[in-house]
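Worksheet: the structure to be examined is printed underneath.
The values are calculated or read from the model by the stated rules, or taken from the named source; none is laboratory data. The structure presented is a predicted model; accordingly, all values stated were derived computationally and were not measured. Glycine also receives a Cβ, built like all others from the backbone with ideal geometry; neighbour counts cover every protein chain displayed. Calculation scope for accessible area: heavy atoms of the full protein, side chains included, ligands and nucleic acids excluded. Shrake-Rupley method; radii C 1.70, N 1.55, O 1.52, S 1.80 Å.
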Amino acid sequence: MPIQFDVDPSVTRLAEATAEFVREVVVPAERECGGSVHDAPQALREALQKGARDAGVFAPHVPARWGGHGLDLRGQSVVFEAAGYSVLGPLALNCAAPDEGNMHLLEKVATEEQQQRYLRPLAAGEYRSCFAMTEPAPGAGADPRALRTTAVRVPGGWRIDGRKWFISGANGADFAIVMARTQGGPGDPGDATMFLVDAGNPGMRIVRDIETLDEGLFAGHSEIVFEECVVGDEQVLGAVDRGFENAQVRLGPARLTHCMRWLGAARRAQDVALERAGTREAFGSLLGDLGMVQQMLADSEIDIEASRGLIWRTAWELDSGSAAAAQLSSVSKVFVAEAVNRVVDRAVQICGALGISADAPLARLVREVRPFRIYDGPSETHRFAIARRAVKPYRRSRPAGTPSA
């Protein structure tokens with residue numbers, strides 16, 4: 001089957017409208033709050049999302065049934081990059097993490113009743129959500145099999161006990177999707193189950209908001225304790241003991257949508273560097289005429305174009321249900337996360353003192369993009385998975401002593 005990279009004209013128009021909305025509405029709002037929204041008022045989110053609705057760019061990823069534009073991942077690749085030009089762009093379009101990934105998971109896994117109860121208001125921007133999987137050491141982090149939070153059957157439902165941390169968007173969220181072990185113990189090849197836990201459940205308690213390097217995710221990142229948190233059978237999301245499998249339904253595309261959004265941030269950093277290089281004079285010439293600056297600018301253009309091509313290819317594989325999608329999703333996550341960091345770092349270097357000041361967005365972008373190399377699996381974990389998949393067909397495929405090609 002040929003790989004299709006053609007962008008539908010309707011997607012192009014939506015991306016152009018998104019880019020204009022982000023420039024005219026979202027970037028000024030970002031400047032006003034300094035890009036720091038961990039403790040931002042709900043009114044800011046509501047105002048940005050109203051603006052996105054008025055501009056006709058709200059919820060590009062959400063199926064039309066739930067009020068969105070219904071773009072596949074290829075279409076999202078174009079529009080999410082445009083949204084990511086501002087730290088607050090994805091929030092405005094309601095396609096920011098963790099809500100965007102949770103919408104996808106609910107659309108694929110939830111029952112009709114659960115979709116009406118949780119997905120409909122989440123897609124409309126009436127609800128916020130969080131995804132509670134990561135735990136403090138020695139619990140689940142890059143290795144989900146270290147999961148220690150448990151769920152055991154009780155009359156009429158389940159009791160969840162455990163501790164989660166770095167749960168993005170938890171403060172003020174209307175519900176959490178919680179991963180809890182229902183088979184085996186930490187490190188065992190057992191399985192887990194996902195549960196929908198409403199914010200008012202007395203067994204779920206936020207114990208602190210974690211101070212972090214980044215500041216651009218609405219409501220920040222929290223630590224949560226589950227103590228005798230009882231939920232009904234109707235709160236099971238997907239099948240019992242299929243939690244790890246269902247997590248991949250969410251995490252595969254979510255890794256890629258992270259890449260899409262952060263590529264927009266890289267493009268913004270490069271634009272700042274290009275403007276500086278084209279106007280700042282030093283050593284008798286424009287910065288853009290100096291060879292070392294030219295090399296940095298060229299390398300950033302290469303990183304951006306290579307990232308975009310890899311994202312589009314992976315989006316096509318995921319949309320097509322290809323077996324290659326898992327490998328390419330990991331490749332994309334590693335390459336784009338590191339490329340984005342390189343682009344932003346070069347922009348800071350080119351801009352010098354301006355780059356590390358609050359007069360430009362670059363210092364803010366440094367703080368925002370650095371954690372991307374850790375989110376959704378650190379680069380080292382993905383490299384391990386990439387190498388393992390690559391070598392798998394060659395394991396014991398040749399008789400002992402046979403020379404390699």
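Would you work out which of Phe226, Ile206, Leu274 lies farthest towards the positive end of the dipole of the chain, given +1 charges on the beta-carbon of Lys and Arg and -1 on that of Asp and Glu, about the Cα centre? So the residue we want is Phe226.
Mind grabbing the base-10 log of I(q)/I(0) for region 164-282 at q = 0.18 Å⁻¹? Debye formula, identical points on the C-alpha positions, no solvent, two decimal places. Each listed q corresponds, in turn, to -1.09. Rounded to whole numbers, the Karplus 3J(HN,Hα) couplings from phi for region 26-42 are 7, 4, x, 5, 5, 4, 5, 9, x, x, 9, 10, 4, 10, 5, x, 4 Hz, using 6.51 cos²θ - 1.76 cosθ + 1.60 with θ = phi - 60°, and x at Gly and Pro. Taking the centroid of alpha carbons for each part, region 306-361 and region 111-170 are 28 Å apart. Heavy atoms of the protein only, probe of 1.4 Å, neighbouring chains included. What is the accessible area of Asp54 in Å², nearest 10? Asp54 has an accessible surface of roughly 110 Å² with all protein chains in place. Taking a point 7 Å out from the Cα of Ala387 in the direction of its Cβ, the residues of region 308-329 whose backbone N falls within less than 20 Å of it are 326-329. Charged side chains reduced to their Cβ positions (Lys and Arg at +1, Asp and Glu at -1) give region 1-142 a dipole of some 160 debye around its Cα centre. Bridging of Lys50 to aspartates and glutamates at a Cα separation below 19 Å is possible for Glu16, Glu20, Glu24, Glu30, Glu32, Asp99, Glu100, Glu126, once same-chain residues fewer than 8 apart are set aside.
Note on region 288-405: along the principal axes its Cα atoms extend 62, 32, 24 Å, ordered by decreasing extent.
Sorting 284-295, 92-103 by average packing, meaning the other beta carbons within 10 Å per residue, from highest down gives 92-103, 284-295. Size descriptors for the chain, from the alpha-carbon set: Rg then Dmax equal 22.0, 79 Å.
Tally Lys and Arg at +1 and Asp and Glu at -1 over the other residues with C-beta under 13 Å from the C-beta of Glu234: what net charge comes out? With Lys, Arg at +1 and Asp, Glu at -1, the neighbours total -3. Straight-line reach from Lys392: taking Cα to Cα under 30 Å and skipping same-chain neighbours fewer than 8 places apart, the lysines in range are Lys108, Lys333. If you take every residue apart from Gly157 with its C-beta less than 14 Å away from the C-beta of Gly157, what net charge results, scoring Lys and Arg +1 and Asp and Glu -1? With Lys, Arg at +1 and Asp, Glu at -1, the neighbours total -3. Take the Cα of Ala298, step 7 Å toward its Cβ, do the same at Ala282, and the gap between the two points is 1.9 nm.
Once backbone amide H atoms are built at 1.01 Å from N, His221 has Gly169, Ile210 as its partners under 5 Å, excluding neighbours fewer than 5 places away on the same chain.
Using the per-residue mean of other Cβ atoms lying within 10 Å as a proxy for protection, in what order, highest first, do the peptides 316-329, 216-229 fall? Can you show the working numbers first?
Details: 316-329: 17.2, 216-229: 20.6.
Per-residue Cβ counts within 10 Å, averaged per peptide and sorted highest first, yield 216-229, 316-329.
What residue among Ala339, Gln349, Ile302 has its Cα farthest toward the positive end of the dipole of region 299-361, where the charges are +1 on Lys, Arg and -1 on Asp, Glu, each on the Cβ? Going by the charge dipole, the pick is Ala339.
So if I place +1 on the C-beta of Lys and Arg and -1 on the C-beta of Asp and Glu, and nothing else carries charge, what would the dipole magnitude of the chain be about its Cα centre? I want it in debye, nearest 20.
For this selection, approximately 1220 debye.
Give me the net charge of Gly377's neighbourhood, meaning all other residues with Cβ under 12 Å from the Cβ of Gly377; Lys, Arg count +1, Asp, Glu -1. Once all neighbours under 12 Å are counted, the net charge is +1.
Rounded to the nearest Hz, the phi-derived 3J(HN,Hα) couplings of region 299-309 under the Karplus curve 6.51 cos²θ - 1.76 cosθ + 1.60 (θ = phi - 60°) are 4, 5, 4, 5, 4, 5, 5, 5, 4, 4, x, where x marks glycine and proline. In order along region 243-255, the Karplus-derived 3J(HN,Hα) couplings, from 6.51 cos²θ - 1.76 cosθ + 1.60 at θ = phi - 60°, round to x, 5, 5, 5, 4, 5, 4, 7, 6, x, x, 5, 4 Hz, and Gly and Pro are given as x.
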